[in-house]
Amino acid sequence: MKRIFSGVQPTGNLHLGNYLGAIRNFARLQDDYECIYCVVDMHAITMWQDPAELQANTREVTATYLAAGIDAKRHIIFNQSQVPAHAELAWVFNCVTRLGWLNRMTQFKDKAGKHRENASAGLYVYPALMAADILLYKATHVPVGEDQKQHLELTRDVAQKFNNDFGKDIFPIVEPLIYGEATRVMSLRDGAKKMSKSDPSDYSRITFTDGPDEIAQKIRKAKTDPQPLPDSTDGFEGRPEAANLITIYAALADITADDVLADYGGQQFSDFKKALTDLAVEKLGPVGQEMQRLMADPAYVDSILKDGAERAEAIARPILKEVYEAVGFLNVR
Ligand code: TRP
């Protein structure tokens, strides 16, 4: 069977963009693939994380996976740090990855910002760890958002170079799975910016801790333009906020943006916003409630992660062994 690997960083403030752009889609792949979903805590610490918050956020992402309907019995949910083979394979990949490849990574440039000398070495080799995550399980498909495509390209380069350098066909060449209407959910305050956990304005994003009143308020305050809604997606040109709100509606309702405009085209934003609020409350409410229920039972969440780590490890160990042999590490134990 085809195998999927994907990961979400436990860096807090999980929002609608994470859900519609990633986690909800993870749940939809369960019948067609063997799925391994990771909480990538080792990637998280490439930027400073408060230790107590990192623990809480790791449980939060796990709870979101479960609340979104991922079946942890049939598939695997675990946190990265608990399977040491990720770090071990990442070291080998640090020695396969070329500096020139890493220097081209736009995410590093964005995250490091102006003070590049001050960024961690971990942030720089982040893509090599991500390649290790995926290839440690010989995953064939990786559901990701647009922003991770460059990292997946690098994963393919690492796999190819490794196979070539050692003259063995160990790693598959992975395929990205880019999904659905809302691969990119934008900020409610600025349709040109991605919805982000680090946006200083709470009004820029909807989170799972938002109740119906907060969701209503955030959608009411969402930026729009003075025109009525366009009749089709052709009318999105130069209207990023309209495009974003319609796209969110389409994703929540599981229809296309043009379907939404067939109903709301020509209308004012105010009526549409009421409908969007009702839909968001209806679709997100149950997920949020299930998350809260799970977060109240950390021992249960931890037991899911423990079981997942053990099963992930059982797949990863023999593959790491194969790699160590190919590389020429002398096995004496
Ligand atoms: N870099 C990904 C992100 O920030 C998270 C991630 C880490 C990941 N390892 C992965 C995604 C492996 C897919 C596969 O979204």
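Is it true that VAL39 is in contact (Cβ under 8 Å) with a residue 60 or more places away in the chain, in contact with a strand residue (DSSP E or B) (Cβ under 8 Å, 6 or more places away or on another chain) and not assigned by TED's automatic domain parsing to the domain that holds GLU282?
yes
Do we have any residue at all in the stretch 156-163 that's modelled with pLDDT under 95 and open to solvent by 60 Å² or more (accessible area, probe 1.4 Å)?
no
If THR233 satisfies every condition in (1) in contact with an Asp or Glu (Cβ under 7 Å, 6 or more places away or on another chain); (2) within 22 Å of ILE4 (Cβ to Cβ); (3) among the β-branched types (Val, Ile, Thr) but one, which is the exception?
Exception for THR233: condition (2).
Name the single residue that is surrounded by the fewest Cβ atoms within 10 Å (Cβ to Cβ) among those in the stretch 1-22 being near the ligand (Cβ under 10 Å from one of its atoms) and within 19 Å of ALA312 (Cα to Cα).
VAL8
Out of the residues in the stretch 23-50 that are open to solvent by 20 Å² or more (accessible area, probe 1.4 Å) and closer than 29 Å to ALA112 by Cβ, which is farthest from the ligand (Cβ to nearest atom)?
Among those that are open to solvent by 20 Å² or more (accessible area, probe 1.4 Å) and closer than 29 Å to ALA112 by Cβ, it is ASP50.
Has the stretch 61-78 got at least one residue that is crowded, with 18+ Cβ neighbours inside 10 Å, closer than 15 Å to GLY308 by Cα and among the polar types (S, T, N, Q)?
yes
Where in the stretch 231-333 are the helices (runs of 4 or more DSSP H), entirely inside, with at least 2 residues that are loosely packed, with under 15 Cβ neighbours inside 10 Å, without any contact (Cβ under 8 Å) to a residue 12 or more places away in the chain and of a type in the set (A, V, I, L, M)?
298-327
Listed residues TYR179, TYR137; which is within 12 Å of the ligand (Cβ to nearest atom), assigned to a loop (DSSP other than H, G, I, E, B) and crowded, with 16+ Cβ neighbours inside 10 Å?
TYR137
What is the residue count in the stretch 140-166 for residues that are among the hydroxyl-bearing types (Ser, Thr, Tyr) and within 11 Å of the ligand (Cβ to nearest atom)?
1
Out of curiosity, is LEU154 within 15 Å of PRO176 (Cα to Cα), in a helix (DSSP H, G or I) and touching a helix residue (DSSP H, G or I) at 6+ places or on another chain (Cβ under 7 Å)?
Judged against the criteria, LEU154 is a match.
Name the single residue, out of those in the stretch 87-117 being more than 20 Å from PHE166 (Cα to Cα) and open to solvent by less than 20 Å² (accessible area, probe 1.4 Å), that is nearest to the ligand (Cβ to nearest atom).
MET105
The values are calculated or read from the model by the stated rules, or taken from the named source; none is laboratory data. Just so we're clear, the structure is a prediction, and the values are computed from it rather than from any experiment. Counting neighbours? That spans all protein chains shown, and the Cβs are built from the backbone with ideal geometry, glycine included. Ligands, DNA and RNA are stripped out before the accessible areas are found, and what is left, the full protein with its side chains, is counted by its heavy atoms. Shrake-Rupley method; radii C 1.70, N 1.55, O 1.52, S 1.80 Å.
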